[in-house]
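A quick write-up on the structure given underneath.
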Amino acid sequence: MRSLRTEELILNMGPQHPSTHGVLRLLVTLDGENIVEVQPDIGYLHSSVEKMMEHRNYTQNIALADRGMDYLAALVNEMAILRAAETLADVPVPERARYIRTIFMELQRLASHLLWLGTYGIDLGAFTAFLWCMRERELIMDLFEATTGGRLHHVYFRLGGVNEDLPPGWTDRCREFCHYFLNRLDEYHRLLTGNPIWQARTQGVGVLTREQAIAFGACGPVARASGLQWDVRKSHPYEGYDRVDFRIPVYTEGDCYARYLVRMDEMRESTRIILQCLDQMPDGEVRAPRVPLNLKVPPGEVYTRVESPRGDLGVHLVSTGGETPWRVKIRAPSFVNLHALTEMMKGWKVADIIAILGSIDIVLADVDR
Amino acid sequence: MVRVPADGSRVAPIEQLVEVLHRLPGGQILVTSIENVLNWARARSIWPLTFGLACCAIEMMQAMGTRFDLDRFGVIPRATPRQADLIIVAGRCTIKMAPVVRRLWEQMPEPKYVISMGSCATCGGPFYYDNYSILKGIDTVIPVDVYVPGCPPRPEALIEGVLKLQEKIQKERRLTRRLQEAAQAGA
Ligand code: SF4
């Protein structure tokens, strides 16, 4: 077969490609149909967010974190910035606000995973999945809108709590949605999980072993599909996560199918968390009194992390005692997972690029910031 | 006789027909009617390029999704610029990305339209100040027909933008303008 070897070909994919989920450029070296090497070219969405944060106070940074970081998980970004600032400044957060934050972050996770499932469905030729997921996503958007006023960007969390209390009747609507959604989840499973085409495109494809996942620092569903039991919500609990009972789904296969199953299971767990929070949530204040909007954070350094839908989102905050941070460094989960992608793709066929790329669920705003 | 443009480019058959009609008595009315029909067809089958830059693209997807269903207006996303009439610039465009957007726009066949979705594409939006990497408005790179404000614009706003574009296309007088230019060149 050696005589059949062809010349290597470099295929340029992106930055405009319907399946790159944003403006990612991949330089794929091909030997015939086999992938020899993949080089991601990033920076097409670099918005200089970390620099901009140095010129804005912490409340303004909440709005910036919504937009400039991972835009599919706006509320989790807000939490990431606030967790750092609140830890450093020791801001008290009322109980009720903690539960509200937890509920909203989990709703955000549902919305994010739903969008992922829908677009991954399109990538693999299952258009129905997109339509179904969008249908449920709109219901979550309605829940967001009723409280925060925004669909995508909320600016809802504040230093020491949240902006406003839940509107009347919201908890019942949310509960209703959760029960409805659990049924829908079964429907997705019936549509996709046993589907032979879906399995053929994802099972055994793009394997990342446990050792590789550790070596690359992979996080979130990508790491959990490779058998790493790692979730910030369990290991470094914040807000209400230590008071609710939930499971971390872990699979050991490390392929695209396992990553799909991890996210599907996470959606079920998120719904459980929301339902528990709704039951446990106490009455009372939603915002600590006497926390000014332009809070001066005492000098110091802190590194905190939260679990975004894409993984371990860390914020390293350095303050010199002013109204604005001196330096913010964001450890973006998509960036790390994108690096692991180069290893996952080696040796697969050109048609699997889409399946593997879609399965790691990157958001380019998160990669480039 | 039908004039062939000096640069030797081919004249579309419909334009040849129109030019003949134009010479007949009362032909101007016919030309206007043909133009109206063409515009009607164009306005009701705007095919955009599937092209998302940032957060606004998510709202664009929602607009094409189940609840808002842009397909109702004949908006069917195409994956290649060569099949597209419209490019919806959804999101912030970096200086690194700007040449790519320009290239995509150049690859689209005439007549082509541009919707600038969101404040970032319109003017730089929330990334206007203290920022070294974002383009201050996509209209510095490609000509924009309709601006949709918002951060992000709601799907309804995007639909309104598409409807405004349809109005604009309906009012266009491409054939008439072309005939006038030809007459002037001939005179
Ligand atoms: S206008 Fe707002 S939503 Fe749209 S890309 Fe800019 S920051 Fe994102």
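Checked against (1) surrounded by fewer than 15 Cβ atoms within 10 Å (Cβ to Cβ); (2) in a helix (DSSP H, G or I), A:L191 passes all but condition (1).
A quick yes/no check of all residues on (1) part of a loop (DSSP other than H, G, I, E, B); (2) more than 11 Å from the ligand (Cβ to nearest atom):
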| residue | (1), (2) |
| --- | --- |
| B:W105 | no, yes |
| B:A121 | no, no |
| B:D130 | yes, yes |
| B:G150 | yes, no |
| B:E156 | no, yes |
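Residue-wise test of (1) charged (D, E, K, R); (2) outside any strand (DSSP E or B).
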position: A:D265; (1), (2): yes, yes
position: A:R268; (1), (2): yes, yes
position: A:P282; (1), (2): no, yes
position: A:E285; (1), (2): yes, yes
position: A:K296; (1), (2): yes, yes
position: A:R305; (1), (2): yes, no
position: A:V328; (1), (2): no, no
position: A:D366; (1), (2): yes, yes
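Pairs are defined by a Cβ separation below 7 Å, a sequence spacing of at least 6 or placement on different chains, a first member in the range B:47-72 that is on the phi < 0 side of the Ramachandran plot, and a second member that is near the ligand (Cβ under 9 Å from one of its atoms) and among the charged types (D, E, K, R); the pairs so defined are B:L53/B:R92; B:A54/B:R92; B:C55/A:R67. Checking each residue in the range B:75-92 for being at the interface with chain A (Cβ under 9 Å from one of its Cβ atoms) and within 15 Å of the ligand (Cβ to nearest atom) picks out B:G91, B:R92.
Just to be sure before I move on: is B:V146 away from chain A (no Cβ under 12 Å), among the aliphatic types (A, V, I, L, M) and more than 12 Å from the ligand (Cβ to nearest atom) in the structure I sent?
yes
Selection over the range B:107-119 of residues that are within 13 Å of chain A (Cβ to nearest Cβ), free of Cβ contacts under 8 Å to residues at least 60 places away in the same chain and within 16 Å of the ligand (Cβ to nearest atom) gives a count of 1. The residues in the range B:65-120 that are β-branched (V, I, T), over 19 Å from B:C55 (Cβ atoms) and more than 16 Å from the chain's Cα centre (by Cα) can be counted, and the count is 1. Filtered by the rule that a residue be outside any helix (DSSP H, G or I), within 14 Å of another protein chain (Cβ to nearest Cβ) and over 22 Å from the mean Cα position of the chain (by Cα), the range A:26-68 gives A:E54, A:H55, A:R56, A:N57. Which residues, taken from the range A:59-115, are of a type in the set (V, I, T) and within 15 Å of the ligand (Cβ to nearest atom)? Scanning the range A:59-115 gives a single hit, A:I62. For the range B:35-56, the set of residues classified as closer than 28 Å to B:E172 by Cα, touching a strand residue (DSSP E or B) at 6+ places or on another chain (Cβ under 9 Å) and either modelled with pLDDT of 85 or more or within 16 Å of the ligand (Cβ to nearest atom) (or both) consists of B:I46, B:W47, B:P48, B:L49, B:F51, B:G52, listed by residue number.
Scanning the range A:238-254 for residues that are over 19 Å from the mean Cα position of the chain (by Cα) and assigned to a loop (DSSP other than H, G, I, E, B), which turns out nearest to A:R201 (Cα to Cα)? Going through the qualifying residues, I end up with A:E253. Suppose the filter is more than 11 Å from every other protein chain (Cβ to nearest Cβ) and away from the ligand (no atom under 16 Å from the Cβ); does B:V100 pass it? Against the criterion (more than 11 Å from every other protein chain (Cβ to nearest Cβ) and away from the ligand (no atom under 16 Å from the Cβ)), B:V100 does not qualify. State yes or no: is B:K136 over 20 Å from B:P81 (Cα atoms) and within 14 Å of chain A (Cβ to nearest Cβ)? Yes; evaluated as a whole, the condition is true for this residue.
When the range B:42-70 is filtered for residues that are within 9 Å of chain A (Cβ to nearest Cβ) and part of a loop (DSSP other than H, G, I, E, B), the ones remaining, listed by number, are B:T50, B:F51, B:L53, B:A54, B:G65, B:T66, B:R67, B:F68. When A:Y156 is tested against (1) within 12 Å of another protein chain (Cβ to nearest Cβ); (2) within 16 Å of the ligand (Cβ to nearest atom), only condition (1) is not met.
Pairs meeting the criteria (first residue in the range A:128-153 and under 17 Å from A:W170 (Cα atoms) and within 11 Å of chain B (Cβ to nearest Cβ), second residue buried (at least 21 other Cβ atoms within 10 Å of the Cβ) and of a type in the set (S, T, Y), beta carbons under 9 Å, at least 6 apart or on different chains) are A:G150/A:Y156.
The values are calculated or read from the model by the stated rules, or taken from the named source; none is laboratory data. Since this is a predicted model, take the numbers as computed values, not measurements. Counting neighbours? That spans all protein chains shown, and the Cβs are built from the backbone with ideal geometry, glycine included.
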